[in-house]
Amino acid sequence: MIRRKNEIWQLSNELVTPKPAFLNRRQIMKAAGALGVTALAGCGQGSASARQMPTEGALAARETNWQVSEDLTPYEAVTGYNNFYEFGLDKGDPARYASAMTTSPWNIEVSGLTDEPREYALQDLVDFDALEERVYRLRCVEAWSMVIPWVGVPLASIIERLRPSNDARYVQFETYLNRNEMRGTRLRVLDWPYVEGLRLDEARNELAFLAVGLYGEVLPKQNGAPIRLVVPWKYGYKSIKSIAKIRFTSEEPATSWNQSAPNEYGFYSNVNPNRAHPRWSQSSERIIGGGLLARRETEMFNGYEDQVASMYAGMDLIEQH
C-alpha cells in the first residue's frame, strides 16, 4: 500500500474553515469595523500617519462584485502552500520561517518619474477605513491554482495618489530585503532583491489590487505582509510580495524571473493556456485544496479576458509572453 505524505496545509475536513462560516464571520467583522471607526471619530482620530497600522486580527472591508464561481481555497492551504523564495524553496518554508520578518513599522520608498517622490508610511498610502474584499483566482506558472478572498485597495487609486509624470510608462516594484531575517536570500536562486513591474495601463486596470489582508484578516507574513500586489490575469510570480519600493519609469523595467530565465518567464506573464512553458503544459491546472485529482482547464487571462484583453490588442501573445 502506498502512503502519501500530506502537504503542510492538508488538514482533515472538520478542521477546514467552511465557506459559509467565513461569510458569516465577515458580516461580524464588518459590524465590528464600523464600531471601531465610530469610536475613533468620537476621539478625534487625527491624521492617517498618527494611527497604528494593524499587524494582526480582523480587517473591516466592504463586499464587492469581484467574485468567482469556484469554491474558496481553504485558509490552511492559502497560508501554508506558498512560493516566497526569500524564505526557502520548499512550499512550506514561508510558513515556517517568515515570522522572522519585521513588518511594523513599514515604509515604502517612491521614486522615479513621479511628482510625489518620498518615503511613505504604509498607513499614509492605504486607507484602512476604506478596504475592499475581492475574490480572485490565483494561477501559478507551475500549473496549480487557488481561489482567494483578498482584502485591500485598487492599485489605480494608489497610482493616482503618487502622480506619475507624463513620461512614465511603467511601474516597478521591489520586495523588502533583509538577509538576516530572510534565510532564502543567502541562496543564489535569484539576484536579490526581488523586482517586478507592470505597464502603467496594466497598473491602472480595474482588476489590479494591493492586498493587505486575506480571508478577512491581516495578511500573514508568508503571503506577503504587510502589502502585496495581486494581478489575477497574470501568473502568480508577477504578484510581488512585501513591497518596499515603487519606482516609475519610461522604459520597461527589469524583473527578477525574466532576468533569470528570459525564455521561460516574459515581462508580461499573462496566463495563456496556448503558450506552454518550455518544460510543461499550461493548458490545465491542479486545484490546491481540491483533492489529489482535482484539476480544471486553464482559461485565457485566467478567466479575466473581458477585463484585460483590450490592453494586448495586436500583440503576439506567444512571442510577447
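The values are calculated or read from the model by the stated rules, or taken from the named source; none is laboratory data. As the structure is a computational prediction, the values presented were derived from the model and not from experiment. Cβ: placed from backbone, ideal geometry, glycine included. Neighbour counts: every protein chain shown. Surface accessibility is based on the protein's heavy atoms, side chains included, excluding ligands, DNA and RNA. Shrake-Rupley method; radii C 1.70, N 1.55, O 1.52, S 1.80 Å.
Computed over neighbours whose Cβ is under 13 Å from that of Tyr237, the net charge equals +1, Lys and Arg +1, Asp and Glu -1. The listed residues His321, His277 rank as His321, His277 when sorted by accessible area, largest first, using a 1.4 Å probe.
Take Tyr75: with every protein chain present and a 1.4 Å probe, its accessible area is about 60 Å². Placing unit charges on the Cβ atoms of the charged side chains and taking the dipole of region 178-321 about its Cα centre, the candidate lying farthest along the positive direction among Ile246, Tyr194, Leu293 is Tyr194. Largest accessible area first, the listed residues Arg134, Arg161 line up as Arg161, Arg134 when surface is computed with a 1.4 Å probe on the assembled protein chains. Simple point charges give the picture: +1 on the Cβ of Lys and Arg, -1 on the Cβ of Asp and Glu, and for region 102-153 a dipole about the Cα centre of about 400 debye. Figure legend: label point modelled 7 angstrom from the Cα of Glu252 along Cα→Cβ; no residues of region 274-289 have amide N under 12 Å from it. In terms of overall dimensions, region 214-321 has a Cα radius of gyration and Dmax of 15.5, 45 angstrom. Ranking of Ser242, Ser165 by solvent-accessible surface, largest first: Ser165, Ser242 (1.4 Å probe, protein heavy atoms only, all chains present).
Per residue, region 185-301 exposes 38 Å² of accessible surface when a 1.4 Å probe is rolled over the protein heavy atoms with every protein chain present.
Here region 69-217 has 42 percent of its accessible surface on carbon and sulfur atoms, given a 1.4 Å probe and all protein chains in place. Averaging Cα coordinates gives a centre for region 77-93 and one for region 111-168; these two points are 22 Å apart. Charge tally around Tyr194: other residues with Cβ under 12 Å, Lys/Arg +1 each, Asp/Glu -1 each, net 0. Loop-located GluC sites (Glu not before Pro) in region 215-321 (DSSP state other than H, G, I, E, B) with a sparse environment of at most 14 neighbouring Cβ atoms within 10 Å: Glu251, Glu264, Glu319. Beyond 18 Å, the tail of the calculated P(r) for region 117-251 holds 55 percent of the Cα pairs. For Ser284, the residues 5 or more places off, or on other chains, whose built amide H falls under 5 Å of its own are Thr298.
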